[in-house]
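What follows is a single structure, written as structure tokens, with notes after it.
The values are calculated or read from the model by the stated rules, or taken from the named source; none is laboratory data. The structure displayed is predicted, hence computed values, not measured ones. Glycine gets a Cβ as well: all are built from the backbone with ideal geometry, and neighbour counts include every protein chain shown. Each accessible area value is taken on the protein alone, full model and side chains, heavy atoms only, with ligands, DNA and RNA left out. Shrake-Rupley method; radii C 1.70, N 1.55, O 1.52, S 1.80 Å.
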Amino acid sequence: RSAFTTLRRAALVGSTLALGFVMAAADAPKSFETNDRYLDDRLPVAERELLNETVGYEFPGFEAYADDLTWIANEPDASELEGKIIILQSFTTADAQRRSVLRRAENLARRTDEQAIFIAIHTPENAEEAEKFADRSRIPIALDTSGRFCDDMGFWKTPAAVVIDRSGTIRMAGANVLQAARFVPEIYEEAKDGEAPALPDRDERDKKKGK
């Protein structure tokens, strides 16, 4: 099956039952408390559960998805990411409402550019239209052509932000873009700690849930 349909299937057959998902102790994610005020209450429950599965794990890095991501605007190099908090913002150009999140991310990027870098991830939906919006972008945009990156990160239909701290740990998932930006100063001064376990891919997580 295609990677992006894995995410769709997981939601439809009951990923909301992910409370029963228990990783082996060696694979358990780091535990963090996140103030609910940062989270987007408009996210459907099934989508939030998929995003929550990633928190506390190490972000795999863009290199792991070199065959899946096509950079269509402002591809960052390693020096631009060094020492920065990364805010991943998913979006699609399928309709005006979901396109608008890209503009909000661009505006916020100017306020946080010393501490964070915003990177927009276009989901496979409406991919053929994505490049029309890339020419005007001031932030990096990657198109997930296979859907594998979105599957692993928990992105689906509703735009959502994921915050990765300076140690490379996924700290928050399912925020709206404004609240993600407000979260940045709260964690920017934390000491780097690279002890988070590797993020299992979507198929591995599904197997552990018996799917």
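Would you say Val184 is aliphatic (A, V, I, L, M), closer than 13 Å to Phe118 by Cα and either free of Cβ contacts under 8 Å to residues at least 12 places away in the same chain or in a strand (DSSP E or B) (or both)? In short, no. Exactly one residue among Ile119, Ile141 is of a type in the set (Val, Ile, Thr) and touching a Pro at 6+ places or on another chain (Cβ under 9 Å), and that residue is Ile119.
Here is a yes/no grid of residues against (1) in contact with a helix residue (DSSP H, G or I) (Cβ under 7 Å, 6 or more places away or on another chain); (2) assigned to a loop (DSSP other than H, G, I, E, B); (3) under 25 Å from Leu50 (Cα atoms):
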| site | (1), (2), (3) |
| --- | --- |
| Gln89 | yes, no, yes |
| Ala94 | no, yes, yes |
| Leu102 | yes, no, yes |
| Leu108 | yes, no, no |
| Glu114 | no, yes, no |
| Pro124 | yes, yes, yes |
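Regarding Arg42, is this residue more than 16 Å from the chain's Cα centre (by Cα), open to solvent by 40 Å² or more (accessible area, probe 1.4 Å) and modelled with pLDDT under 90? Yes; evaluated as a whole, the condition is true for this residue. Determine whether the stretch 156-164 contains at least one residue that is touching an Asp or Glu at 6+ places or on another chain (Cβ under 9 Å), surrounded by fewer than 23 Cβ atoms within 10 Å (Cβ to Cβ) and within 24 Å of Asp41 (Cα to Cα). Yes; the residues of the stretch 156-164 include at least one that is touching an Asp or Glu at 6+ places or on another chain (Cβ under 9 Å), surrounded by fewer than 23 Cβ atoms within 10 Å (Cβ to Cβ) and within 24 Å of Asp41 (Cα to Cα). Looking only at residues of the stretch 70-84 that are in a strand (DSSP E or B) and not β-branched (Val, Ile, Thr), we find that the one that is modelled with the lowest pLDDT is Ala73. Scanning the stretch 135-155 for residues that are open to solvent by less than 30 Å² (accessible area, probe 1.4 Å), part of a loop (DSSP other than H, G, I, E, B) and modelled with pLDDT of 90 or more returns Ile139, Pro140, Gly147, Gly154, Phe155. Taking interchain pairs and intrachain pairs at least six residues apart, which have beta carbon atoms under 7 angstrom, with the first residue in the stretch 109-134 and on the phi > 0 side of the Ramachandran plot and the second at pLDDT below 90? Close Cβ pairs (under 7 Å, with a partner that is at pLDDT below 90) amount to Asn126/Thr92; Asn126/Thr93; Asn126/Ala94.
For the stretch 13-30, state whether one or more residues are part of a loop (DSSP other than H, G, I, E, B), at pLDDT 90 or above, open to solvent by 60 Å² or more (accessible area, probe 1.4 Å) and over 15 Å from Ala161 (Cβ atoms). No, the stretch 13-30 contains no residue that is part of a loop (DSSP other than H, G, I, E, B), at pLDDT 90 or above, open to solvent by 60 Å² or more (accessible area, probe 1.4 Å) and over 15 Å from Ala161 (Cβ atoms).
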